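Worksheet for the structure shown next.
Just so you know, all these numbers are worked out from the coordinates, no wet-lab data involved. Note that this is a predicted model, so its numbers are computed, not measured. Here Cβ is always computed from backbone atoms with ideal geometry, including for glycine, and neighbour counts include all displayed protein chains.
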Amino acid sequence: MALQARTKPSMHLTLVQDWFPIMIGAMVGAGTGMAAVGFNETLLLVERWSHQLHLGRVAGPGLAWVVITPVVGMFLTGLLVHLIASDAKGHGVPQVMESLIKAGGVMKLRTGIVKALASILTVGSGGSGGTEGPIVQIGAVAGSFVGQKMRVDRQLLMTLVGCGSAAGISSIFNAPIAGVFFVLEILLRDFSIRTFAPIVVSSVFSAVTTQALLGKNLAIFTVDASLHDAQFTLIELPSFLLLGAVSGLVAVGFNKFLHFMEDAFDRVRVRAIYKPVIGAVVLGGLGVATVYLARAGGAQGDAAHVPAVYGNGYSVIRTLLEPSTYAGLTKGSLPIVTLFLLALLVLKVVATSFTLASGGSGGVFAPSLMLGAVGGAIFGHVLELLHLTPGGSTPATYALVGMAAVLAGSMHAPLTAMLLLFELTRNFYVILPIMLAAILATAVSQLLDRDSIYTAKLRRAGVLLGGSRDLTLLRKIAVSSVVRTPLPPEPIYASDPLSKLITLHANYNVPDFPVVDQGGQYMGMVTGADMRTALIDREAVPLLLVAELLRPELPTIAVDESLDSVMEKFALHEVASLCLIDPASPGRPLALISRTKVMKRYREALEQD
């Protein structure tokens, strides 16, 4: 009986630990699904109103509004971001990654609110961007907010950020599987069951909530029946291999130009509030050029008034995925169409880069999908020009495969790209060429550029990145869980004699000694290794002061740091201990954290995991 009494609470605790994250994940998923629907419907409303201006149906000449709408929208975006939440600019996902790596998933609620409003203003007014970056950041903030309010531990808080991010992708794209793999492959890089289960549940609840609110469950891109029935043969594989390689080049070009423009705008000596306006003016010029190109190519209806480079580009993608788009083309017109699509490809890269680099708010999923569709269509046209397309093949097929390939190459995430394209189109028959092209595009992209579109800026900012399971585990462990070495009872000043440290070492067995100024603020450390070196010349010890062995370059450790950050500091400095700073009194030493105790805590985490 005594044994039963001891085991029952343990079993109960295990059940609670297993189900508690799943229940919170379901709550975060449902809440994010509702928020995503509200966000998307508002964005569509603003977008429709903006298009009415471009068409000249609301006021004045439509072409003038092609420039005016993005300028107004991005000026308001700059105002919001500058005054309330500076981390709401850009494409969102790098900010979520940074919060996971450096802050353990702690995010501010106002960031999510401002991100939603800024993205509606940017993309709705014509900014070249998508909705996945904003909704990932909005969902991540929702998960973080719930976790902080419930005072969960660091590991669960990071999982809840992942739950919100997956729920956002699931809702906005109606793609619950891709939402899960986006988080596991890009954000958390952790496929353990403790992380996997809550994220899956959150993604499912978000999709179900979205479908219930909208009353439909449809693919975003409807694919023609001829593509559903397509049969791919061995003779087509070289074409899709080559398409994968070309898509990898497109992805690298897009990534590098976007990062180049981000660096360029960082160097521009203009107040941050005005930078989005500069980007919007350039975007407006690109919009006008696109309209003239479309008209010169014989475009009719909305396509002759609404720039194809504006917004998420879904209308362009739908056109390129329709085989009938290419049915009326003669062999003589193919070069003209190819040149137009090449111009559109370049203009979309430039438009997206100026929109996001200048401070606009939007995602890179949709631009990557459009670039892939355009690039794939160009590739299909070239094959037709060279008479290399098998019978019954159409550039629409290559446009579809190109979407997955460019997305995979841009994000360095082939699994997410494959699954997303499957859920966006519900087309299983092209999954084989999509898998082939996505893997090859990722390989080419990684060969030419070690960083994805999300990680380049983080690496340049000094954020430690990695893809291994061990690094993911380290990021989940706070240094507060490591056993500390207490400090001697009396402070050590730079003016103290070295003999004082020798006495304290003998009495308290302290390996290293933090040194403080008269106000108690940390100045540096005297290490045990340096003391042993000094003891070689014992006659000089009475003459030495602590200041002569002081190492002011040794960094301190904050209580809320994760072990990956602490391990990096130990790697850069050959010392046995570093000083932990008191959070209640910044700059005041609290204890010592030893390299040995950090490694011991890491080993315990590995065994538990």
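Amide H contacts of D449 (H built 1.01 Å from N, in plane; Pro and chain starts excluded): no residue 5 or more places away or on another chain comes under 5 Å.
Dimensions of region 16-221 based on its C-alpha atoms, expressed as ranges along the principal axes with the largest first, amount to 63, 38, 26 Å. Computed extension gain for I113 through R267, at 0.36 nm per residue and net of the alpha carbon distance, reaches 52.6 nm. Packing around the peptides 488-499, 198-209, 361-372, 311-322, taken as the average count of other Cβ atoms within 10 Å per residue, puts them in this order, highest first: 361-372, 198-209, 311-322, 488-499.
Roughly speaking, what is the centre-to-centre gap between region 256-299 and region 368-443 when only Cα atoms are used, to the nearest Å? Region 256-299 and region 368-443 have Cα centres separated by 27 Å. Recomputing Rg and Dmax of the Cα atoms in Å from the coordinates shown identifies the correct label among [x] 28.3, 97; [y] 24.0, 78; [z] 32.5, 111 as [x].
Under 5 Å from the amide H of M523 lie the amide H atoms of V515, V516, D517, each residue being 5 or more positions distant or on a separate chain, with H modelled from the backbone and absent for Pro and chain starts.
Using C-alpha pairs below 8 Å separated by at least 6 residues, the relative contact order for the chain is 16 percent. The string of couplings for region 237-244 from the Karplus curve (6.51, -1.76, 1.60, θ = phi - 60°) is 4, x, 5, 6, 4, 5, 4, x Hz, one whole number per residue in order, with x for Gly and Pro.
Each residue in S594, S165 was given a count of other beta-carbon atoms within 10 angstrom of its own, and listing them fewest first yields S594, S165.
Placing unit charges on each Cβ (+1 for Lys and Arg, -1 for Asp and Glu) gives the chain a dipole about its Cα centre, and among T503, V444, I113 the Cα reaching farthest toward its positive end belongs to I113. Based on every Cα atom in region 307-431, Rg and the maximum pairwise Cα distance Dmax equal 14.5, 47 Å. Placing a pseudo-label 7 Å from each Cα along the Cα-to-Cβ vector at E553 and L572 gives an inter-label distance of 1.1 nm. Charges were assigned to the Cβ only: +1 to each Lys and Arg, -1 to each Asp and Glu. The resulting dipole of the chain about its Cα centre is roughly 760 debye. When only the Cβ of Lys, Arg, Asp and Glu is charged (+1, +1, -1, -1), the dipole of region 225-460 relative to its Cα centre reaches about 760 debye.
In terms of its Cα atoms, region 477-608 spans 51, 31, 27 Å along the principal axes, sorted from long to short. Positive end of the dipole of the chain (Cβ unit charges, origin at the Cα centre): among L545, H412, L371, the Cα lying farthest that way belongs to L371. For G130, the residues 5 or more places off, or on other chains, whose built amide H falls under 5 Å of its own are G363, V364, F365, A366.
Counting every pair of alpha carbons in region 228-283, the share spaced more than 16 Å apart comes to 64 percent.
Its Cα gyration tensor gives region 373-462 an equivalent ellipsoid, and the semi-axes of that ellipsoid, as √(5λ) in whole Å with the largest first, are 27, 15, 9. Taking θ as phi - 60° and the Karplus parameters 6.51, -1.76 and 1.60, the scalar couplings of region 185-201 work out to 8, 10, 7, 8, 6, 9, 10, 5, 5, 5, 8, 4, 4, x, 5, 4, 4 Hz in sequence order, x denoting glycine and proline. Residues of the chain were split at every exposed loop site, defined as GluC sites (Glu not before Pro) in a DSSP loop with at most 16 other C-beta atoms within 10 angstrom, and the longest piece left, sites excluded, is 1-552.
Computed about the Cα centre, the dipole magnitude for region 487-609 is approximately 260 debye when only Lys and Arg (+1) and Asp and Glu (-1) carry charge, each at its Cβ.
Helix 2-54 and the longest principal axis of the C-alpha atoms of the chain enclose an angle of approximately 40°. Using θ = phi - 60° in the Karplus curve 6.51 cos²θ - 1.76 cosθ + 1.60, the 3J(HN,Hα) couplings for region 537-552 round to 9, 5, 5, 8, 4, x, 8, 7, 9, 4, 4, 6, 10, 5, 10, x Hz; x is entered for Gly and Pro. With r as the distance between the Cβ atoms of M150 and L432 and R0 = 35 Å, compute the FRET efficiency 1/(1 + (r/R0)^6) and round to 0.05. Plugging the Cβ-Cβ distance into 1/(1 + (r/R0)^6) gives 0.20. Principal axis extents of the C-alpha atoms in region 161-202 (largest first, rounded to whole Å): 25, 18, 16. Centre-to-centre separation between the Cα atoms of region 110-181 and those of region 529-584: 41 Å.
Here the scattering of region 225-460 is modelled by Debye summation over its C-alpha atoms, one equal scatterer each and no solvent; at q = 0.14 Å⁻¹ the log10 of I(q)/I(0) is -0.87. Taking all Cα pairs closer than 8 Å and separated by 6 or more residues, the relative contact order of region 477-608 comes to 31 percent.
The value of relative contact order for region 225-460, using C-alpha pairs under 8 Å at least six residues apart, is 31 percent.
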